[in-house]
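The values are calculated or read from the model by the stated rules, or taken from the named source; none is laboratory data. These numbers come from a predicted model, not from an experiment. In this analysis, Cβ positions are derived from the backbone assuming ideal geometry, glycine residues included, and neighbour counts consider all displayed protein chains. Ligands, DNA and RNA are stripped out before the accessible areas are found, and what is left, the full protein with its side chains, is counted by its heavy atoms. Shrake-Rupley method; radii C 1.70, N 1.55, O 1.52, S 1.80 Å.
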Amino acid sequence: MKRILVYGLLVVLALAVGVGARLLFLQDAPLPQPEVKIGGPFALTDHTGKAVTDADYRGKLMLVYFGYTYCPDVCPTGLSNIAHALDMLGADADKVVPLFISVDPERDTTEILAAYVAQFHPKIIGMTGTPEQVADAARAYRAYFSKTKVEGSADYLVDHSAIAYLMGPDGRFRMHFSHGASPEDMAAGIRKNL
Ligand code: NI
């Protein structure tokens, strides 16, 4: 009878210690945060024909935008906003690498990209690659793109997300600018992250 009581007490004690330790452990453990990872490694070709990776731009902010040169209006608006933001930054624009990554690598050759980005700003770098390289880069940034046929023509358009991603000098995501962001908004956001 007495032995059973002692055993019983030991079991209760062991359970209490176990639960206590578990509670302590849970309190020390970081709370799970819903995290969406944006950005990551990419390997592409810049508009001068040079093979580049994300690592080549470490130490500078990257402003990453996905689009294509045949885009009727979304990309021209986005790129002209980026160009105005760069002008507003003045000398600080040297700390930013604006990348225009083509989601239409079949048509966007390095030559076409070079001529296109130059229309907007001398600092903007056009990027293309194999369809796989482009798809990998878009996946890393969670950028959406999808070809759509133009009716009665062999032509196609590419629907795509129109977000500019600002990445830190360490290559990590800092913030994004949606399509409606003004050049003033972008310049202010970039300045905060310099
Ligand atoms: Ni576009």
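A few points about this structure:
- Yes/no for Asp73 being away from the ligand (no atom under 16 Å from the Cβ) and not basic (Lys, Arg): no
- First in the range 68-82 and in a helix (DSSP H, G or I) and of a type in the set (A, V, I, L, M, F, W, C), second anywhere and open to solvent by less than 10 Å² (accessible area, probe 1.4 Å) and more than 8 Å from the ligand (Cβ to nearest atom), Cβ under 6 Å, 6 or more apart: Ile82/Pro98
So that you can scan it fast, the table gives a plain yes or no per residue for (1) within 14 Å of the ligand (Cβ to nearest atom); (2) within 15 Å of Cys75 (Cβ to Cβ); (3) part of a strand (DSSP E or B); (4) modelled with pLDDT of 95 or more:
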residue	(1), (2), (3), (4)
Ala115	no, yes, no, yes
Pro122	no, no, no, yes
Asp136	no, no, no, yes
Ala143	yes, yes, no, yes
Arg174	no, no, yes, yes
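- Residues that are open to solvent by 50 Å² or more (accessible area, probe 1.4 Å) and either within 16 Å of the ligand (Cβ to nearest atom) or assigned to a helix (DSSP H, G or I) (or both), drawn from the range 151-162: Asp155, Leu157, Asp159
- Condition check for His179: within 13 Å of the ligand (Cβ to nearest atom), modelled with pLDDT under 95 and closer than 26 Å to Val36 by Cα: yes
- Test for Gly59: is it of a type in the set (Gly, Ala, Ser), at pLDDT 95 or above and either open to solvent by 100 Å² or more (accessible area, probe 1.4 Å) or not in a helix (DSSP H, G or I) (or both): yes
- Qualifying positions in the range 163-190 - in contact with a helix residue (DSSP H, G or I) (Cβ under 8 Å, 6 or more places away or on another chain) and loosely packed, with under 14 Cβ neighbours inside 10 Å: His179, Ser182, Glu184
- Only listed residue being closer than 22 Å to Met175 by Cβ, more than 14 Å from the ligand (Cβ to nearest atom), touching a Gly at 6+ places or on another chain (Cβ under 8 Å) and open to solvent by less than 60 Å² (accessible area, probe 1.4 Å), chosen from Asp92, Asp54, Asp46: Asp54
- Condition check for Pro98: open to solvent by 10 Å² or more (accessible area, probe 1.4 Å) and closer than 20 Å to Gly49 by Cα: no
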